[in-house]
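The block underneath contains the structure these notes are about, expressed in C-alpha coordinates.
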Amino acid sequence: MSNQAPLHAARADYYRRIDGLNLSPLWENLHTLVPTTPDSPCAPALWRFDEIRPYLMQGGELITAREAVRRVLVLENPALRGSSRVTKALYAGLQLILPGEVAPSHRHTQSALRFVVEGRGAYTAVDGERHTMEPGDFIITPSWTFHDHGNPGSEPVIWLDGLDIPIVDLCDARFAENHPLEVQPVTKAEGQSLARFGNNMAPVGYAPATPTSPIFAYPYRQSRAALHALARADAPDPAHGHKLQYINPVTGGSAMPTIGTFLQWLPADFNGARHRSTDATVFSVVEGRGEVVLDTPAGREVIEFGPRDHFVIPSWTPHALRAATDTVLFSFSDRPVQRLLGLLREETLA
Ligand code: GTQ
(Lines give C-alpha, C1' and ligand atoms only; values in the text may rest on other atoms or scores of the structure.)
Protein backbone atom coordinates (compact mmCIF):
# COMPACT_ATOMS: atom_id res chain seq x y z
CA MET A 1 0.00 0.00 0.00
CA SER A 2 1.22 3.47 -0.82
CA ASN A 3 1.63 6.04 1.92
CA GLN A 4 -1.59 8.16 2.05
CA ALA A 5 -0.27 10.72 4.53
CA PRO A 6 1.04 13.28 2.01
CA LEU A 7 -2.26 13.13 0.09
CA HIS A 8 -4.30 13.63 3.30
CA ALA A 9 -2.15 16.59 4.23
CA ALA A 10 -2.50 18.08 0.75
CA ARG A 11 -6.28 17.67 0.90
CA ALA A 12 -6.50 19.22 4.38
CA ASP A 13 -4.46 22.15 3.13
CA TYR A 14 -6.71 22.47 0.08
CA TYR A 15 -9.86 22.41 2.28
CA ARG A 16 -8.39 25.22 4.37
CA ARG A 17 -7.69 27.32 1.29
CA ILE A 18 -11.16 26.92 -0.26
CA ASP A 19 -12.85 27.44 3.11
CA GLY A 20 -11.97 31.13 2.97
CA LEU A 21 -13.93 31.40 -0.27
CA ASN A 22 -17.09 29.84 1.31
CA LEU A 23 -16.52 26.59 -0.54
CA SER A 24 -16.61 23.06 0.80
CA PRO A 25 -15.89 19.67 -0.81
CA LEU A 26 -19.08 17.72 -1.44
CA TRP A 27 -17.23 14.40 -1.37
CA GLU A 28 -16.62 14.72 2.37
CA ASN A 29 -20.41 15.03 3.03
CA LEU A 30 -22.18 13.29 0.19
CA HIS A 31 -23.34 10.30 2.25
CA THR A 32 -24.89 12.51 4.96
CA LEU A 33 -26.53 14.87 2.45
CA VAL A 34 -27.98 12.03 0.38
CA PRO A 35 -28.43 9.05 2.71
CA THR A 36 -29.81 5.78 1.40
CA THR A 37 -32.78 5.96 3.83
CA PRO A 38 -34.24 8.88 5.86
CA ASP A 39 -31.72 8.37 8.70
CA SER A 40 -33.82 10.68 10.90
CA PRO A 41 -32.39 12.40 13.96
CA CYS A 42 -36.01 12.57 15.21
CA ALA A 43 -36.73 10.08 18.03
CA PRO A 44 -39.93 8.33 19.11
CA ALA A 45 -41.31 10.03 22.22
CA LEU A 46 -44.26 9.99 24.58
CA TRP A 47 -45.69 12.82 26.69
CA ARG A 48 -47.95 11.26 29.34
CA PHE A 49 -50.78 13.64 30.10
CA ASP A 50 -50.93 12.75 33.80
CA GLU A 51 -47.27 13.65 34.09
CA ILE A 52 -47.33 16.97 32.23
CA ARG A 53 -50.76 18.34 33.18
CA PRO A 54 -49.58 19.53 36.63
CA TYR A 55 -46.81 21.56 34.94
CA LEU A 56 -49.29 23.11 32.50
CA MET A 57 -51.42 24.17 35.48
CA GLN A 58 -48.35 25.52 37.33
CA GLY A 59 -47.58 27.57 34.22
CA GLY A 60 -51.09 28.93 34.61
CA GLU A 61 -50.11 30.33 38.01
CA LEU A 62 -46.83 31.83 36.82
CA ILE A 63 -47.97 33.72 33.72
CA THR A 64 -51.28 34.90 32.29
CA ALA A 65 -52.40 34.02 28.77
CA ARG A 66 -52.31 37.77 28.00
CA GLU A 67 -48.70 38.20 29.10
CA ALA A 68 -47.57 34.95 27.48
CA VAL A 69 -49.59 35.78 24.31
CA ARG A 70 -49.83 32.00 23.92
CA ARG A 71 -49.35 29.97 27.12
CA VAL A 72 -47.96 26.82 25.58
CA LEU A 73 -45.60 24.07 26.62
CA VAL A 74 -43.82 23.04 23.43
CA LEU A 75 -43.56 19.31 22.79
CA GLU A 76 -39.90 19.15 21.81
CA ASN A 77 -38.62 16.01 20.24
CA PRO A 78 -35.98 14.68 22.68
CA ALA A 79 -33.49 14.36 19.81
CA LEU A 80 -34.23 17.87 18.49
CA ARG A 81 -34.12 19.81 21.77
CA GLY A 82 -33.79 23.55 21.44
CA SER A 83 -35.36 23.69 18.00
CA SER A 84 -39.06 23.80 19.06
CA ARG A 85 -39.78 20.87 16.77
CA VAL A 86 -41.67 17.66 17.36
CA THR A 87 -40.53 16.35 13.96
CA LYS A 88 -38.13 17.87 11.44
CA ALA A 89 -41.05 19.54 9.64
CA LEU A 90 -43.57 20.29 12.39
CA TYR A 91 -44.14 22.01 15.69
CA ALA A 92 -46.46 20.81 18.48
CA GLY A 93 -47.46 22.27 21.83
CA LEU A 94 -50.10 22.07 24.52
CA GLN A 95 -51.90 25.34 25.13
CA LEU A 96 -53.77 26.21 28.33
CA ILE A 97 -56.39 28.91 28.72
CA LEU A 98 -58.01 29.47 32.10
CA PRO A 99 -61.52 30.76 32.78
CA GLY A 100 -61.73 34.51 32.12
CA GLU A 101 -58.52 34.66 30.09
CA VAL A 102 -57.85 36.07 26.64
CA ALA A 103 -54.99 35.17 24.27
CA PRO A 104 -54.69 38.30 22.09
CA SER A 105 -55.44 38.42 18.38
CA HIS A 106 -52.64 38.09 15.87
CA ARG A 107 -51.92 36.50 12.52
CA HIS A 108 -48.94 34.81 10.94
CA THR A 109 -48.03 32.98 7.76
CA GLN A 110 -47.66 29.70 9.69
CA SER A 111 -50.83 27.59 9.63
CA ALA A 112 -52.10 26.12 12.90
CA LEU A 113 -54.36 23.31 13.97
CA ARG A 114 -55.97 22.93 17.37
CA PHE A 115 -57.14 19.60 18.73
CA VAL A 116 -59.08 19.95 21.98
CA VAL A 117 -57.64 17.68 24.68
CA GLU A 118 -59.41 18.72 27.90
CA GLY A 119 -62.27 20.98 28.90
CA ARG A 120 -65.01 22.84 27.11
CA GLY A 121 -66.25 26.38 26.80
CA ALA A 122 -63.18 28.20 25.45
CA TYR A 123 -63.32 29.59 21.94
CA THR A 124 -61.00 30.23 19.04
CA ALA A 125 -61.99 33.04 16.70
CA VAL A 126 -60.92 33.04 13.05
CA ASP A 127 -61.92 35.77 10.62
CA GLY A 128 -64.75 37.05 12.80
CA GLU A 129 -66.28 33.66 13.66
CA ARG A 130 -65.92 31.87 16.98
CA HIS A 131 -65.94 28.16 17.63
CA THR A 132 -66.72 27.04 21.17
CA MET A 133 -64.50 24.07 21.96
CA GLU A 134 -65.50 20.56 22.99
CA PRO A 135 -63.00 17.74 23.57
CA GLY A 136 -61.96 16.15 20.28
CA ASP A 137 -62.84 19.13 18.09
CA PHE A 138 -60.37 19.82 15.27
CA ILE A 139 -59.98 23.52 14.49
CA ILE A 140 -57.95 25.22 11.75
CA THR A 141 -56.25 28.60 11.82
CA PRO A 142 -55.35 29.16 8.16
CA SER A 143 -52.20 31.05 7.18
CA TRP A 144 -52.46 34.84 7.66
CA THR A 145 -55.88 34.82 9.35
CA PHE A 146 -56.39 36.79 12.56
CA HIS A 147 -57.07 34.50 15.49
CA ASP A 148 -57.54 34.89 19.22
CA HIS A 149 -58.55 32.52 21.95
CA GLY A 150 -60.68 33.20 25.01
CA ASN A 151 -62.30 31.30 27.84
CA PRO A 152 -65.63 32.71 29.02
CA GLY A 153 -66.41 29.31 30.57
CA SER A 154 -65.79 27.87 34.01
CA GLU A 155 -63.09 25.25 33.43
CA PRO A 156 -59.48 25.21 32.19
CA VAL A 157 -59.23 24.24 28.53
CA ILE A 158 -56.18 22.52 27.06
CA TRP A 159 -55.59 21.84 23.40
CA LEU A 160 -52.88 20.49 21.15
CA ASP A 161 -51.38 23.04 18.76
CA GLY A 162 -49.83 21.76 15.54
CA LEU A 163 -48.05 24.28 13.32
CA ASP A 164 -45.94 24.19 10.16
CA ILE A 165 -43.36 26.54 11.73
CA PRO A 166 -40.28 24.61 10.48
CA ILE A 167 -41.68 24.38 6.93
CA VAL A 168 -42.35 28.13 6.73
CA ASP A 169 -38.95 28.75 8.27
CA LEU A 170 -37.30 26.52 5.66
CA CYS A 171 -38.78 28.82 3.00
CA ASP A 172 -37.85 32.00 4.92
CA ALA A 173 -41.43 33.16 4.53
CA ARG A 174 -42.25 34.11 8.10
CA PHE A 175 -44.49 37.13 8.69
CA ALA A 176 -46.60 38.03 11.74
CA GLU A 177 -48.55 40.99 13.09
CA ASN A 178 -50.89 41.83 15.93
CA HIS A 179 -54.51 42.79 15.45
CA PRO A 180 -55.19 46.39 16.49
CA LEU A 181 -57.69 44.96 18.99
CA GLU A 182 -56.90 42.35 21.64
CA VAL A 183 -60.14 40.53 20.82
CA GLN A 184 -61.17 40.68 17.18
CA PRO A 185 -64.77 41.71 16.55
CA VAL A 186 -67.26 38.88 16.08
CA THR A 187 -68.88 39.43 12.69
CA LYS A 188 -70.45 36.01 12.05
CA ALA A 189 -72.76 33.75 14.04
CA GLU A 190 -71.13 30.58 15.33
CA GLY A 191 -71.52 27.61 12.98
CA GLN A 192 -71.49 29.65 9.73
CA SER A 193 -68.53 27.88 8.13
CA LEU A 194 -69.95 24.45 8.97
CA ALA A 195 -73.42 25.39 7.66
CA ARG A 196 -72.00 26.64 4.37
CA PHE A 197 -69.43 23.94 3.68
CA GLY A 198 -70.03 21.07 6.09
CA ASN A 199 -73.14 19.57 4.49
CA ASN A 200 -71.81 18.43 1.12
CA MET A 201 -72.89 21.76 -0.30
CA ALA A 202 -71.16 25.07 -0.96
CA PRO A 203 -72.47 28.54 -1.72
CA VAL A 204 -73.13 28.94 -5.47
CA GLY A 205 -70.29 30.83 -7.12
CA TYR A 206 -67.88 30.16 -4.25
CA ALA A 207 -64.32 30.52 -5.45
CA PRO A 208 -61.69 29.55 -2.90
CA ALA A 209 -59.09 32.23 -2.25
CA THR A 210 -56.74 29.87 -0.40
CA PRO A 211 -55.95 26.14 -0.34
CA THR A 212 -57.17 25.75 3.26
CA SER A 213 -60.57 24.24 4.05
CA PRO A 214 -63.32 26.85 4.49
CA ILE A 215 -64.60 24.71 7.38
CA PHE A 216 -62.59 25.97 10.30
CA ALA A 217 -63.92 23.67 13.01
CA TYR A 218 -64.75 19.97 12.63
CA PRO A 219 -66.81 18.94 15.69
CA TYR A 220 -65.76 15.67 17.35
CA ARG A 221 -69.37 14.56 17.59
CA GLN A 222 -69.57 14.33 13.78
CA SER A 223 -66.10 12.91 13.16
CA ARG A 224 -66.54 10.24 15.81
CA ALA A 225 -69.97 9.24 14.53
CA ALA A 226 -68.52 8.79 11.03
CA LEU A 227 -65.69 6.62 12.34
CA HIS A 228 -67.98 4.58 14.51
CA ALA A 229 -70.23 3.81 11.53
CA LEU A 230 -67.20 2.55 9.59
CA ALA A 231 -66.03 0.47 12.54
CA ARG A 232 -69.38 -1.29 12.62
CA ALA A 233 -69.58 -1.83 8.87
CA ASP A 234 -66.08 -2.59 7.61
CA ALA A 235 -63.17 -4.84 8.40
CA PRO A 236 -60.28 -2.73 9.72
CA ASP A 237 -57.23 -1.97 7.60
CA PRO A 238 -54.47 -4.32 8.82
CA ALA A 239 -52.17 -1.47 9.88
CA HIS A 240 -54.44 1.54 10.50
CA GLY A 241 -57.73 0.14 11.74
CA HIS A 242 -60.44 2.53 10.54
CA LYS A 243 -58.81 5.78 9.50
CA LEU A 244 -60.33 8.93 8.04
CA GLN A 245 -58.59 12.09 6.95
CA TYR A 246 -60.04 15.56 7.43
CA ILE A 247 -60.61 17.05 4.00
CA ASN A 248 -61.19 20.40 2.39
CA PRO A 249 -64.68 19.78 0.95
CA VAL A 250 -64.04 22.17 -1.93
CA THR A 251 -60.97 20.36 -3.26
CA GLY A 252 -61.30 16.89 -1.77
CA GLY A 253 -57.70 17.29 -0.63
CA SER A 254 -56.18 17.75 2.78
CA ALA A 255 -57.98 20.25 5.05
CA MET A 256 -54.71 22.16 5.44
CA PRO A 257 -52.11 22.58 2.67
CA THR A 258 -49.08 21.74 4.80
CA ILE A 259 -50.45 19.46 7.52
CA GLY A 260 -52.42 16.24 7.04
CA THR A 261 -54.89 15.49 9.85
CA PHE A 262 -56.47 12.16 10.67
CA LEU A 263 -58.82 10.41 13.05
CA GLN A 264 -58.71 6.65 13.44
CA TRP A 265 -60.56 3.96 15.33
CA LEU A 266 -58.79 0.84 16.58
CA PRO A 267 -61.24 -1.80 17.76
CA ALA A 268 -60.60 -3.49 21.11
CA ASP A 269 -57.84 -6.13 20.81
CA PHE A 270 -56.64 -4.66 17.49
CA ASN A 271 -53.18 -6.01 16.72
CA GLY A 272 -51.96 -3.92 13.81
CA ALA A 273 -49.54 -4.91 11.07
CA ARG A 274 -46.11 -3.24 11.03
CA HIS A 275 -46.10 -0.17 8.86
CA ARG A 276 -43.77 2.65 7.98
CA SER A 277 -44.09 5.88 6.06
CA THR A 278 -41.91 8.91 5.38
CA ASP A 279 -44.28 11.28 7.18
CA ALA A 280 -43.28 11.45 10.84
CA THR A 281 -46.57 11.62 12.74
CA VAL A 282 -47.79 13.17 15.99
CA PHE A 283 -50.64 11.42 17.81
CA SER A 284 -53.14 12.67 20.39
CA VAL A 285 -55.03 9.89 22.16
CA VAL A 286 -58.71 10.73 22.45
CA GLU A 287 -60.19 7.53 23.87
CA GLY A 288 -58.91 4.12 24.84
CA ARG A 289 -55.65 2.43 25.72
CA GLY A 290 -53.04 0.63 23.75
CA GLU A 291 -49.43 0.58 22.67
CA VAL A 292 -47.17 1.21 19.71
CA VAL A 293 -44.30 -1.18 19.12
CA LEU A 294 -41.48 0.47 17.17
CA ASP A 295 -38.34 -0.93 15.53
CA THR A 296 -35.80 1.84 16.08
CA PRO A 297 -32.09 1.83 15.17
CA ALA A 298 -31.54 1.32 18.94
CA GLY A 299 -33.86 -1.69 19.06
CA ARG A 300 -37.46 -2.49 19.91
CA GLU A 301 -39.32 0.26 21.76
CA VAL A 302 -42.82 0.13 23.25
CA ILE A 303 -44.92 3.23 23.88
CA GLU A 304 -47.94 2.56 26.10
CA PHE A 305 -50.66 5.15 25.74
CA GLY A 306 -53.92 6.19 27.38
CA PRO A 307 -56.36 9.08 27.02
CA ARG A 308 -54.82 12.55 26.37
CA ASP A 309 -51.32 11.18 25.94
CA HIS A 310 -49.26 12.43 23.00
CA PHE A 311 -46.62 10.56 21.08
CA VAL A 312 -44.55 10.92 17.93
CA ILE A 313 -43.43 8.29 15.43
CA PRO A 314 -40.39 9.32 13.32
CA SER A 315 -40.14 9.00 9.55
CA TRP A 316 -39.61 5.50 8.14
CA THR A 317 -39.71 3.80 11.53
CA PRO A 318 -41.54 0.45 11.39
CA HIS A 319 -44.27 0.41 14.00
CA ALA A 320 -47.38 -1.55 14.93
CA LEU A 321 -50.46 -0.17 16.70
CA ARG A 322 -52.20 -2.28 19.30
CA ALA A 323 -55.39 -1.43 21.20
CA ALA A 324 -56.54 -2.98 24.47
CA THR A 325 -59.93 -1.23 24.31
CA ASP A 326 -61.82 0.62 21.57
CA THR A 327 -59.41 3.45 20.82
CA VAL A 328 -59.67 6.77 18.97
CA LEU A 329 -56.49 8.51 17.83
CA PHE A 330 -56.09 11.94 16.26
CA SER A 331 -52.88 12.46 14.31
CA PHE A 332 -51.10 14.95 12.07
CA SER A 333 -48.10 14.92 9.75
CA ASP A 334 -46.51 16.69 6.76
CA ARG A 335 -48.12 14.16 4.39
CA PRO A 336 -49.74 16.75 2.02
CA VAL A 337 -46.37 18.40 1.43
CA GLN A 338 -44.69 15.08 0.68
CA ARG A 339 -47.59 14.09 -1.61
CA LEU A 340 -47.37 17.33 -3.54
CA LEU A 341 -43.61 16.95 -3.98
CA GLY A 342 -43.81 13.27 -4.91
CA LEU A 343 -41.80 12.27 -1.83
CA LEU A 344 -44.27 10.18 0.12
CA ARG A 345 -43.36 6.52 0.58
CA GLU A 346 -45.14 4.02 2.76
CA GLU A 347 -45.37 0.28 3.16
CA THR A 348 -47.07 -2.28 5.32
CA LEU A 349 -44.49 -4.87 6.33
CA ALA A 350 -44.89 -8.58 6.76
O1 GTQ B 1 -52.24 30.01 19.00
O2 GTQ B 1 -51.44 31.46 17.63
O3 GTQ B 1 -48.52 26.90 19.94
O4 GTQ B 1 -48.92 31.55 17.16
C5 GTQ B 1 -47.49 28.58 18.64
C6 GTQ B 1 -47.59 29.77 17.94
C7 GTQ B 1 -49.83 28.67 19.15
C8 GTQ B 1 -51.29 30.48 18.35
C9 GTQ B 1 -48.61 28.05 19.24
C10 GTQ B 1 -48.82 30.39 17.83
C11 GTQ B 1 -49.95 29.84 18.44
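The values are calculated or read from the model by the stated rules, or taken from the named source; none is laboratory data. Computed from a prediction, not measured in an experiment: that's the story for all the values here. So basically every Cβ, Gly included, is an ideal-geometry build from the backbone, and we count neighbours across all protein chains shown. In case anyone asks, the SASA skips ligands and DNA or RNA and just uses the protein heavy atoms, side chains included. Shrake-Rupley method; radii C 1.70, N 1.55, O 1.52, S 1.80 Å.
Expressed in nm to one decimal, what extension gain is obtained for the pair C171 and N199 from 0.36 nm per residue of sequence separation less their Cα-Cα distance?
6.5 nm
Can you compute the label reach from D295? Point 7 Å from Cα along the Cβ direction, backbone N cut-off under 14 Å, restricted to segment 316-350.
316-321, 347-350
Go ahead and run the numbers for FRET between A207 and W144, Cβ-Cβ distance against an R0 of 22 Å, rounding to 0.05.
Taking R0 as 22 Å, the efficiency between A207 and W144 is 0.80.
State, to one decimal in nm, how far the label point of V102 lies from the label point of L62, with both points 7 Å from Cα in the Cβ direction.
2.6 nm
Measuring from centroid to centroid over Cα atoms, what is the spacing of segment 26-97 and segment 166-241 in Å?
First find each Cα centre; the distance between them is then 24 Å.
Using only protein heavy atoms and a 1.4 Å probe, report how much of K188 is accessible, in Å² to the nearest 10.
Only protein atoms counted, so the area is about 90 Å².
Per-residue ellipticity at 222 nm for the chain, helices alone: DSSP H runs ≥ 4 residues times -39500 (n - 2.57), over residue total, nearest 500 deg cm²/dmol?
Estimated from H runs of four or more residues: -5500 deg cm²/dmol.
Heavy atoms only, 1.4 Å probe, whole protein assembly: order V168, V186 by accessible area, highest first.
From most accessible down to least: V186, V168.
So how much accessible area does T348 have, in Å² to the nearest 10, using a 1.4 Å probe?
Ignoring ligands and nucleic acids, T348 comes out at about 80 Å².
I'd like the accessible area for L26, computed on protein heavy atoms only with a 1.4 Å probe and all protein chains in place. Round to 10 Å², please.
L26 exposes around 90 Å² with every protein chain in place.
In nanometres, what is the gap between the two model label sites at N271 and E347, each 7 Å from Cα along Cα-to-Cβ?
2.4 nm
Label-point separation (nm) for D50 and E304, each offset 7 Å from Cα along Cα-to-Cβ?
Roughly 0.9 nm, to one decimal.
If I take R0 = 45 Å and measure r between the Cβ atoms of A226 and V183 in this structure, what FRET efficiency does the formula 1/(1 + (r/R0)^6) give, to the nearest 0.05?
Once the sixth-power term is evaluated, E becomes 0.85.
Please sort by residue number the GluC sites (Glu not before Pro) in segment 253-336 whose DSSP state is loop and whose Cβ has at most 11 other Cβ atoms within 10 Å.
none
Amide H to amide H under 5 Å from R308: which residues, 5+ apart in sequence or cross-chain, H placed 1.01 Å off N in plane?
For R308, whose amide H was placed from the backbone, the distant partners under 5 Å are V285, V286.
Show me, bin by bin at 20 Å from 0, the whole-percent P(r) of the chain based on Cα pairs.
Percent of Cα pairs in each bin: 28, 54, 15, 3, 0.
With a Förster radius of 35 Å, plug the Cβ-Cβ distance of L33 and E190 into 1/(1 + (r/R0)^6) and report the FRET value to the nearest 0.05.
FRET efficiency, L33 to E190: 0.10.
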